[in-house]
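Inspection log for the structure reproduced underneath, given as structure tokens.
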Amino acid sequence: MKQIHYQEEQRFTQWWLWTLLLGIALPICHGLYQQLYLGKPYGSNPASNPTFIGFGLLYAGILWLFYVMRLRTKVTDKKIIIHFYPFLKREFLKNGITTAKVLKYGFVGGWGIRYWTKYGTVYNVKGNKGLYFKMNNGDKYLIGTQHPIALKKVLKALSWPIED
């Protein structure tokens, strides 16, 4: 593999997000405990035990997904590699990029993978700074970063088509 000149990994570590996710989990856990262990129906219209267990497992899966999701960005001499684990892996070749810019982009409808924004396809996990670039075929992309200055410096040093 080519030498990696820049590497970054971002995860969903926002305190408010985890407070919300775990706050939703508490009543689910309480209800499961009350209904399955204590044998007292949970709520005024309780779900059956298999339905409640299924819902609890589904929510545990959502929590696990947020825990393992990450955006990895790597820059080599010839390409940018992103891996939005566990969903996709993409490579963008240097010779396919016409222009690039590190910018502050504001809100694009949430975090994750966003399509059809004014920046094209957006890959972000947190924050509001990223590498925006256009491809030869007209496609546009934005990759979120927590280290915009370092990323820009590396791209300039490698003679990528980066604007100031």
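Readers should treat all values here as calculations from the given coordinates under stated rules, not as data from a laboratory. Here the structure is a predicted model, which means the values were calculated and not measured. Cβ placement follows ideal geometry from the backbone for every residue including glycine, while neighbour counts extend to all protein chains displayed.
A few remarks follow.
- Mean silhouette area of the range 71-163, derived from the convex hull of its C-alpha atoms and averaged over all directions, reads 5.3 nm².
- Of His30, Ser48, Val102, farthest towards positive along the dipole that unit charges on Lys, Arg, Asp, Glu beta carbons give the chain: Val102
- Nonlocal amide H pairs with Thr145, under 5 Å, H built at 1.01 Å: Lys129, Gly130, Leu131
- Where only C-alpha atoms are counted, convex hull volume of the range 11-68 per residue in Å³: 72
- Proximal lysines relative to Lys78, as straight alpha-carbon distance under 20 Å, when same-chain residues fewer than 8 apart are discounted: Lys2, Lys89, Lys94, Lys101, Lys134, Lys140, Lys152, Lys153, Lys156
- Convex hull of alpha carbon positions in the chain: directionally averaged projected area 12.3 nm².
- Sum of -39500 (n - 2.57) over DSSP H runs of 4+, divided by residues of the chain (222 nm, nearest 500): -9500 deg cm²/dmol
- With the simple model of a label 7 Å out from the Cα in the direction of the Cβ, Leu20 to Leu88 spans 2.3 nm.
- Spin-label model distance (nm) - Thr98 vs Tyr59, 7 Å beyond Cα toward Cβ: 4.9
- Estimated FRET transfer efficiency when R0 is 35 angstrom, pair Tyr115-His5 (beta carbons, to 0.05): 0.75
- Extending 7 Å from the Cα toward the beta-carbon at both Phe66 and Lys156 defines two label points whose distance is 3.8 nm.
- Karplus 3J(HN,Hα) series, Hz, for the range 6-12 with 6.51 cos²θ - 1.76 cosθ + 1.60 (x for Gly, Pro): 8, 8, 8, 10, 10, 10, 7
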